1. Looking only at the stretch 105-128, which residues are over 21 Å from the mean Cα position of the chain (by Cα) and surrounded by 24 or more Cβ atoms within 10 Å (Cβ to Cβ)?
2. I'd like to verify a number: residues in the stretch 177-208 that are among the acidic types (D, E), under 14 Å from D220 (Cβ atoms) and crowded, with 19+ Cβ neighbours inside 10 Å, how many?
3. Within the stretch 386-402, restricting attention to residues that are touching a strand residue (DSSP E or B) at 6+ places or on another chain (Cβ under 6 Å) and not small (G, A, S), which residue is farthest from I314 (Cα to Cα)?
4. Which condition does T176 not pass, out of (1) within 27 Å of the chain's Cα centre (by Cα); (2) closer than 30 Å to A258 by Cα; (3) hydroxyl-bearing (S, T, Y), if it passes all the others?
5. Only one of (1) among the acidic types (D, E); (2) more than 22 Å from E254 (Cβ to Cβ); (3) under 23 Å from the mean Cα position of the chain (by Cα) fails for D64. Which number is that?
6. Right, N328: farther than 20 Å from N266 by Cα and of a type outside the set (K, R) or not?
7. Does T304 qualify as being under 22 Å from V365 (Cα atoms) and in a loop (DSSP other than H, G, I, E, B)?
Amino acid sequence: MSYSRNMTQTHTFAGKIAAALGIASLAVLGVAGSAQAATAFSEVAVIPSGADSIGQNPTDVAVDSVHHRAYVTNFVDGSVSVVDTSGAGAEVVQVIPNGAGSIGKGAWGVAVDTAHNRAYVTNAVDNSVSVIDTTGTGAHVVAVISYAAGNGHSPRSVAIDATHNRAYVVNTDDDTVSVINTGGTGITVDSVISIDIGSAPSDVAVDQVHSRAYVTNDNDGTVSVIDTTGAGTNVIAVIPHGATSIQNSPQSVEVDGAHNRAYVANAGSDSISVIDTTGTGTAVTEVITAGIGEGPLGIAVDTTRNRAYVANFISGTVSLIDTTGAGNTVIASTSVGRGAWGVAVDIEHDRAYVANNLVSTVSVVAAQTSPVITTPAGALTGGTVSAAYSPVTIEATGTPAPTFTATGALPPGLTLSAAGVISGTPTTAGTYTFTVVASNGVDPDASQTFSIAISAAAVVPAPATPGAAGAAKPAAHLPVVSG
């Protein structure tokens with residue numbers, strides 16, 4: 001099967017997967033078969049396999065943040081499942097079928113071009129790229145780019161260069177990268193890059209900040225760097241293979257524009273290489289091994305929350321990297337389905353989608369943080385008996401949003417709502433000390449001690465009653481005598 005040339009090579013990653021799955025060759029892969037918050041990372045939903053759900057052997061996922069959808073490529077079915085990312089984010093609302101003028105055989109990679117309301121799907125077996133209109137139902141294929149001779153062979157992954165209106169497609173079997181013009185109809189192959197692209201290119205990512213594209217070369221263990229300015233076809237560097245550089249079988253690459261880095265998943269070495277995208281954009285500053293699972297295949301970056309998600313194929317896990325600082329610390333991991341492959345971040349809803357290739361499901365994973373109460377401990381706004389208390393809100397961070405309870409003595413007449421609002425009308429004077437607890441299901445809970453002083457109501461003297469003891473008597477009115 002030509003589409004899996006890079007899988008059938010005898011490099012380290014192929015052997016590890018074959019051993020893990022008990023198969024003779026990877027050619028069968030894809031064929032039917034309190035002061036500080038703690039982070040909890042878990043699978044919160046699983047989208048099942050089915051005729052109207054996820055197809056056989058999903059490989060990649062892309063999120064359309066504009067239309068609130070996720071697109072999942074199903075390799076064996078040659079179809080694309082469309083997930084509604086709103087709400088629970090786990091409902092498949094459309095399945096775009098395989099067929100002429102639709103999705104081709106061996107649907108593999110997918111990328112969303114939000115500027116032009118399109119999604120591009122690579123069909124590795126049919127040697128084509130399908131173009132989906134993401135407006136309306138988001139399920140209408142408007143064009144199929146069939147590769148002519150010399151335009152590449154076995155397209156695998158695709159990335160959008162929004163700055164220069166291009167899509168870069170890596171072609172695994174002939175060691176090339178096709179450049180599609182996404183302007184106009186979005187279907188013209190402008191050029192094919194072959195010089196200095198390594199053996200079996202597997203993935204591509206675009207650095208919009210520094211106008212570069214990074215291409216991972218599976219068999220060579222290298223990364224080619226393309227200058228995306230001008231014609232966008234000039235390979236300006238090749239980052240070499242090495243113990244402190246790009247390691248065995250680099251499968252995927254993702255750019256973190258917020259921190260000027262690119263992350264490369266080295267599936268054959270169970271590691272992540274971190275590239276500094278400033279300067280020449282070729283310096284590998286870190287190689288992360290601690291906390292990375294076996295066979296990392298997919299990687300996605302959440303620049304809003306400073307995280308990178310790594311899908312580990314053999315382990316069936318996802319590792320979560322903190323991208324702040326040196327950007328090299330795995331802070332959590334969670335189990336997902338067997339054969340975790342493509343991963344995409346839904347920034348709007350703070351979660352990620354993972355294509356589980358070997359069990360034909362998609363996991364929805366979310367990083368959750370324990371609560372931290374940010375309202376300073378101590379005295380809160382005071383109140384007065386019988387006067388409506390000016391509400392005070394206890395503030396806290398945490399994902400999901402925490403709920404609040406109180407222990408100890410709140411002033412009589414005041415209550416604490418689940419949202420953290422203290423309100424009511426106090427009935428008894430005094431100073432009251434109590435503890436507020438914030439919880440959201442992620443250990444540990446947060447607690448903070450507060451006090452509220454309630455003053456007695458001011459005493460207003462009652463008006464005097466005429467004739468009462470001590471009351472002033474009215475002046476006597478004497479008759480007026482004239483003459």
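The values are calculated or read from the model by the stated rules, or taken from the named source; none is laboratory data. The shown structure was predicted, so the numbers you read here are calculated from the model rather than taken from an experiment. Note that each Cβ is placed from the backbone with ideal geometry, even for glycine, and that neighbours are counted across all protein chains shown.
1. Those that are over 21 Å from the mean Cα position of the chain (by Cα) and surrounded by 24 or more Cβ atoms within 10 Å (Cβ to Cβ): G106, A107, T122, N123, A124.
2. Summing the residues that are among the acidic types (D, E), under 14 Å from D220 (Cβ atoms) and crowded, with 19+ Cβ neighbours inside 10 Å in the stretch 177-208 gives 1.
3. Top of the filtered list is Y389.
4. Result: T176 passes all but (1).
5. Unmet condition: (2).
6. Judged against the criteria, N328 is not a match.
7. yes
Let's see how each residue does on (1) within 25 Å of T122 (Cβ to Cβ); (2) assigned to a loop (DSSP other than H, G, I, E, B); (3) polar (S, T, N, Q):
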residue: V189; (1), (2), (3): yes, no, no
residue: S224; (1), (2), (3): yes, no, yes
residue: A231; (1), (2), (3): yes, yes, no
residue: N248; (1), (2), (3): yes, yes, yes
residue: Q251; (1), (2), (3): yes, no, yes
